[in-house]
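Inspection log for the structure reproduced underneath, given as C-alpha cells.
Values in this text are rule-based calculations from the coordinates and carry no lab data. No experiment lies behind these values; they were computed from the predicted model shown. Don't worry about glycine lacking a Cβ; one is built from the backbone with ideal geometry, like all the others, and counts go over all protein chains shown.
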Amino acid sequence: MVKVALFVRLQAKPGREADVESFLEKGLALANQEATTPVWFALRLGPSTFGIFDAFADESGRSAHLSGPIAAALMQNAAELLAEPPQIEHVDVIGAKLPH
C-alpha cells in the first residue's frame with residue numbers, strides 16, 4: 001500500500017515544451033528501475049505545464065527517490081528546460097486503487 005507521495009509541477013520555458021515532454025518520457029525508464037517507486041506518472045497539465053506524481057510505501061522510499069537518478073536529472077536540466085524551479089510537494093496518500 002502506498003502511503004506517501006510527491007506531486008511535482010513543472011513549467012516549461014517557452015519553446016521547450018516538447019523537450020520537457022521528451023525528458024519526462026525518458027524518466028519512465030528510470031522510474032521502472034526504482035524498486036521503492038511502485039507508482040510513477042508523468043503528466044501534461046496544460047500547454048506548457050507538466051507534472052510528476054509518484055507514490056511510495058513509506059518515507060524511506062520517498063527519500064530514496066528524491067536522492068535518485070530522476071531527481072538528479074531533473075535538477076541538472078531544470079535551468080535549461082524550465083521557466084521556474086520545480087515545485088515539489090510532499091503529500092500523504094489517503095486512498096489508492098492500484099492493479100494487483
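So that you can scan it fast, the table gives a plain yes or no per residue for (1) closer than 20 Å to Val4 by Cβ; (2) among the small types (Gly, Ala, Ser):
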position: Ser22; (1), (2): no, yes
position: Glu25; (1), (2): no, no
position: Leu30; (1), (2): yes, no
position: Pro38; (1), (2): yes, no
position: Gly46; (1), (2): no, yes
position: His65; (1), (2): yes, no
position: Asp92; (1), (2): yes, no
position: Gly95; (1), (2): yes, yes
position: His100; (1), (2): no, no
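Please tell me if Ala35 is over 13 Å from Ala71 (Cα atoms), buried (at least 18 other Cβ atoms within 10 Å of the Cβ) and more than 13 Å from the chain's Cα centre (by Cα). Considered against the rule, which asks whether it is over 13 Å from Ala71 (Cα atoms), buried (at least 18 other Cβ atoms within 10 Å of the Cβ) and more than 13 Å from the chain's Cα centre (by Cα), Ala35 comes out as no.
For region 14-30, indicate whether the set of residues that are among the β-branched types (Val, Ile, Thr) and touching a residue at least 60 places away in the same chain (Cβ under 8 Å) is non-empty. Yes, region 14-30 contains at least one residue that is among the β-branched types (Val, Ile, Thr) and touching a residue at least 60 places away in the same chain (Cβ under 8 Å).
Of the residues making up region 73-85, none is of a type in the set (Asp, Glu) and surrounded by 13 or more Cβ atoms within 10 Å (Cβ to Cβ).
Take the residues of region 41-56 that are of a type in the set (Phe, Trp, Tyr) and under 14 Å from Gln87 (Cβ atoms): which is surrounded by the most Cβ atoms within 10 Å (Cβ to Cβ)? The selected residue is Phe50. Residues of region 1-20 that are touching a strand residue (DSSP E or B) at 6+ places or on another chain (Cβ under 7 Å) and closer than 23 Å to Glu84 by Cα: Ala5, Leu6, Phe7, Val8, Arg9, Leu10, Gln11, Ala12, Lys13, Val20.
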